[in-house]
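Participant: Quick one: the structure is below, questions incoming.
Every read-out reported here was derived from the displayed coordinates using simple, explicitly stated rules and does not represent laboratory data. What you see is a predicted model; the values in this text were computed from it and never measured. A quick note on method: Cβ atoms are made from the backbone with ideal geometry, for glycine too, and the neighbour counts reach across all protein chains shown.
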Amino acid sequence: MYKLALSALISLMFASTALTATAAQAADGAGSKKHHVKKVKARGPVRVAAAEPGERVVKRVIKVNGRRKVVYQRMIVAAPAVPTMGDLAGLNMTHDPLDLKSNVALVLDQANSEVLFEKNSNVALPIASITKMMTGLVVVEAKQNMDEILSVTDEDVDREKFSSSRLKVGTQLSRADMLHIALMSSENRASSALGRNYPGGKPAFVEAMNAKARELGMVDTHYVDSSGLSKMNVASARDLAKLAMAAYQQPILRQYSTDAKAMVETNGRPMQFGTTNHLVANPDWAIGLQKTGFINEAGRCLMMQAVIEGRSVIMVFLDSKGKQSRIADAGRMRKWLEALKPAALSAPATTYSTGM
């Protein structure tokens, strides 16, 4: 009942909380540059026009050439943060002793699928660019020619979130290079080109993604594109753990997703791309597979395989707050696992949920 009720709630929220990319970008801009100031010099009694919507007028006293002056500043109020789907579903009310910033978390033993820690792990939420790991799995299993040259076209331009890309329309890269930067750098146009160049085009590719999800038993998963830009790409943490274990069987996905940087040649000139997860270059971590993701509706997301205290584990963090919070959560979870005694690792999973 909990799962059905929460899924229905989230479905309703999908329909009612659409946010245009331009509005989101405006909110981000307002957050980074909190106040835009216009100064009006006071000359005797000054009548200041009322603040416009989204503004407030502040009276300040400043010194100019040693003399005190009164100025009035119009200040643009920063837009409120956009709530994620997890927040709207009340998942942020779930507390755990590790003080994780992610609304959803799951850690399981890769060898036997034993769940070691879970927090709201059965709730389907937007997964952003973690979607690209399924894109990679479908491409590899289709056994398409990895040396074939693909071109970025106008169809690959993001007209939903208006995300930026270093791949201009007309850029040509091999399928292998497209896959490499899609997984390592989360390149959206590369992901789109991979789906578009699948037999049957994008519709057939998305169907193949969903068919693979069904094959893996990912019962709470649904895909609508190959990049993860749409909030309608959803999955639960438990489903993503299944995806991680399947993707781990493909050496090319392990390599491409964990490279720290790579040089590709685009139209005769080299371009260097880097990873979206700096943990792969950290010698204190042994990471065999990873993918990050972010859109406003999903929050910060991370899925990865790592070896901790000699044990291979799958970690999934969804809907985390703050740019580095998912990385910090991985660190908290690692310390928790390192502190556990072997006997404790065989105990029942540590489970947290909203109780809805």
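Participant: Among Gly322, Leu216, Thr292, flag the residue with its Cα farthest along the positive direction of the charge dipole of the range 197-346, charges on Cβ as +1 for Lys/Arg and -1 for Asp/Glu.
Facilitator: Gly322
Participant: While we're on this one: Under 1.5 on a/c is rounded, so check that first for the range 194-235, then, if it is not, pick prolate when a/b is larger than b/c and oblate when it is not; a ≥ b ≥ c are the square roots of the alpha carbon gyration tensor eigenvalues. Mind dumping the intermediate values first?
Facilitator: On the way: a/c = 2.99, a/b = 1.34, b/c = 2.23.
It is oblate, given that a/c is not under 1.5 and a/b is not larger than b/c.
Participant: What's the percent breakdown of Cα-Cα distances in the range 87-352 across 10 Å bins, shortest bin first?
Facilitator: So the P(r) values, bin by bin, are 7, 33, 36, 18, 5, 1.
Participant: Here's something else I'd like to know. Determine which aspartates and glutamates satisfy two conditions relative to Lys291: a Cα distance under 16 Å, and not lying fewer than 8 residues away in the same chain.
Facilitator: Cα-Cα hits under 16 Å: Glu187, Asp239, Asp259, Asp319, Asp329.
Participant: Moving on. Nothing charged except the Cβ atoms of Lys and Arg (+1) and of Asp and Glu (-1): what's the magnitude of the dipole of the range 178-242 about its Cα centre? Round to the nearest 20 debye.
Facilitator: Details: 8 positive and 6 negative charges, 9 e Å.
So the dipole magnitude of the range 178-242 works out to roughly 40 debye.
Participant: To make sure I understand, if each residue's beta carbon is the centre and we count other beta carbons within 10 Å, what order do Thr351, Thr84 fall in, fewest to most?
Facilitator: In order of increasing Cβ crowding within 10 Å: Thr351, Thr84.
Participant: Can you give the relative contact order of the range 87-352 as a percent, counting alpha carbon pairs under 8 Å and 6+ residues apart? List each step's numbers first, then the result.
Facilitator: Numbers: 537 pairs, mean separation 70.6, N = 266.
For the range 87-352, the relative contact order is 27 percent.
Participant: As an exercise, identify the GluC sites (Glu not before Pro) in the range 118-150 lying in DSSP coil whose Cβ has no more than 13 other Cβ atoms within 10 Å.
Facilitator: Values: sites: Glu118, Glu141, Glu148; in loops: Glu148.
When the GluC sites (Glu not before Pro) of the range 118-150 are filtered for loop state and at most 13 Cβ neighbours within 10 Å, Glu148 remain.
Participant: Next up: Give Lys119/Lys261; Lys168/Lys323; Lys132/Lys335; Lys132/Lys212; Lys242/Lys323; Lys101/Lys335 a once-over and call out the pairs whose C-alpha atoms are over 22 Å from each other. Before the final figure, lay out the partial values.
Facilitator: Numbers: Lys119/Lys261 32 Å; Lys168/Lys323 27 Å; Lys132/Lys335 28 Å; Lys132/Lys212 13 Å; Lys242/Lys323 26 Å; Lys101/Lys335 15 Å.
The pairs that break the limit, which is 22 Å between Cα atoms, are Lys119/Lys261; Lys168/Lys323; Lys132/Lys335; Lys242/Lys323.
Participant: Follow-up. To the nearest 20 Debye, how big is the dipole of the range 87-352 about its Cα centre, given +1 on the beta carbon of each Lys and Arg and -1 on that of each Asp and Glu?
Facilitator: 340
Participant: Roughly how many nanometres apart are two label points built 7 Å out from the Cα toward the Cβ at Lys335 and Arg60?
Facilitator: 3.9
Participant: Label-point separation (nm) for Glu265 and Ser151, each offset 7 Å from Cα along Cα-to-Cβ?
Facilitator: My value for the distance between the label points is 1.9 nm.
Participant: Quick check for me: using +1 on Lys/Arg Cβ and -1 on Asp/Glu Cβ, what's the dipole size of the range 136-183 about its Cα centre, in debye to the nearest 20?
Facilitator: Numbers: 6 positive and 9 negative charges, 29 e Å.
Here the size comes out at about 140 debye.
Participant: When the scattering of the range 135-238 is computed by the Debye formula from its Cα atoms alone, each counted once and equally, what is log10 I(q)/I(0) at q = 0.20 Å⁻¹?
Facilitator: -1.03
Participant: Let me ask something else. Please report the orientation-averaged projected area of the range 232-306, defined via the convex hull of its C-alpha atoms, in nm². Write out the running numbers ahead of the final one.
Facilitator: On the way: hull surface 26.3 nm².
Its Cα hull, projected and averaged over all orientations, spans 6.6 nm².
Participant: If you take the square roots of the eigenvalues of the alpha-carbon gyration tensor of the range 66-162 and sort them as a ≥ b ≥ c, do you get rounded (a/c under 1.5), prolate (a/b over b/c) or oblate?
Facilitator: On the way: a/c = 3.25, a/b = 1.36, b/c = 2.38.
Taking the square roots of the gyration eigenvalues as a ≥ b ≥ c, the range 66-162 is oblate.
Participant: By count of other Cβ within 10 Å, fewest leading, how are Asp329, Asp156, Asp96 ordered? Each step should come with its number before you reach the end.
Facilitator: Working: Asp329 22, Asp156 25, Asp96 17.
Arranged by neighbour count, lowest to highest, Asp329, Asp156, Asp96 become Asp96, Asp329, Asp156.
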